[in-house]
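For reference, the structure is listed below as structure tokens.
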Amino acid sequence: MRHPIILAVCMAGVTALAGCGEKDANATVERAFKDVNVVDETNLSDVMLTVADPNEAVSYFARSVKESPDRIDHQRGLAASLVRAKRTTEAVGEWDKVTKMEDATPEDSVQLADALIRSGNWARAETVLNGIPPTHETFARYRLEAMVADSKEQWSRADSFYEIAVGLTTTPAAVMNNWGYSKLTRGDYPEAERLFGEAIRQDNTLFTAKNNLIMARAAQRDYTLPVMPMEQSERAQLLHTMALSAIKRGDVETGKGLLREAIDTHPQHFEAAVRSLRALENG
């Protein structure tokens, strides 16, 4: 007579186990989907920080910050996206918030200094950089230190920081170009020419360095194009730069000849060079 009772108890136990199993299974599924969402969110954040439209990225991270105000990665994303969107005043405010968060790092202060320089606040940028521990030795930090020293015409200090920065990156072309421009502004044309040449050897697509190299050579009254990779349209633009530099130095006839060569070289109509030549000939 006890069998029905035992059977009922056993069935209840099976049902309970089944219920527990179902709950565990549901929890596992939820965790799996949560993990997938985290991965998807990380990938989306990476996309937003690199290839997405900057203002679209700003909107995305602004929503993310509103939903999770304590997440420093979202706050960093918003600040970095504002820099990409060239909204530097807003970027300064957001990087300020990042540096005050619990998990902030010295690199966040470097990024704040970068935003301050972009917004023209050199004095505060220097203050922020001075507050970063000397043990935080990164390319980004020393590049900014060099720029600040340049702005104060502290040339030896700038050279020291540029040299350190070059040694801390595997892609030094841009910072070599900056260093070369610093030398150009000081009137050290041979050294500027050398640094621009080094920058081009590191990255032969860097047109800014090519253009600066032409200005450094023209400042020494060298009106010949150096041997380096260049497209036909680039060659025409560089000839135009050289022509204007020659005219500025009083070598007007040389400048006219270079303008004509630039016009003939350009694969399309070169309006800027045409206007310059017309102004000289009609003036």
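Laboratory data are not the source of any read-out in this text; all were calculated from the coordinates shown. These numbers come from a predicted model, not from an experiment. Cβ placement follows ideal geometry from the backbone for every residue including glycine, while neighbour counts extend to all protein chains displayed.
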- [ ] Using the number of other C-beta atoms within 10 angstrom as an exposure proxy, rank 240, 74 with the fewest first.
- [x] 74, 240
Task: Exposure proxy order (Cβ contacts within 10 Å, fewest to most) of 50, 254 - done: 50, 254
Task: trypsin sites (Lys or Arg not before Pro) within region 121-228, DSSP loop, no more than 16 other Cβ atoms inside 10 Å - done: 152, 221
Open item on the list: On a straight-distance basis, which aspartates and glutamates could pair with residue 152 in a cross-link, Cα separation under 15 angstrom, same-chain partners fewer than 8 positions away excluded?
Closed with: 126
Open item on the list: If I take R0 = 30 Å and measure r between the Cβ atoms of residue 130 and residue 194 in this structure, what FRET efficiency does the formula 1/(1 + (r/R0)^6) give, to the nearest 0.05?
Closed with: 0.45
- [ ] Kindly provide log₁₀ I(q)/I(0) values, in the same order as q = 0.14, 0.15, 0.31, 0.33 Å⁻¹, from the Debye equation applied to equal alpha-carbon scatterers of region 224-265.
- [x] -0.27, -0.31, -1.03, -1.10
TODO: Sort 214, 132 so the one with the fewest other Cβ atoms within 10 Å of its own Cβ comes first.
DONE: 132, 214
Task: Cα-projected label distance for residue 70 with residue 50, points at 7 Å along beta-carbon direction, nm - done: 3.0
Open item on the list: Counting just the Cα atoms, what span does region 202-283 cover along each of its three principal axes? Round to the nearest Å and put the largest first.
Closed with: 42, 30, 16
Open item on the list: Longer than 28 Å from Cα to Cα, which of 86/248; 183/248; 97/210 are they? Say none if no pair is.
Closed with: 86/248; 97/210
Open item on the list: Can you compute the modelled spin-label distance between residue 274 and residue 151, with each label point 7 Å from Cα toward Cβ, in nm?
Closed with: 4.1
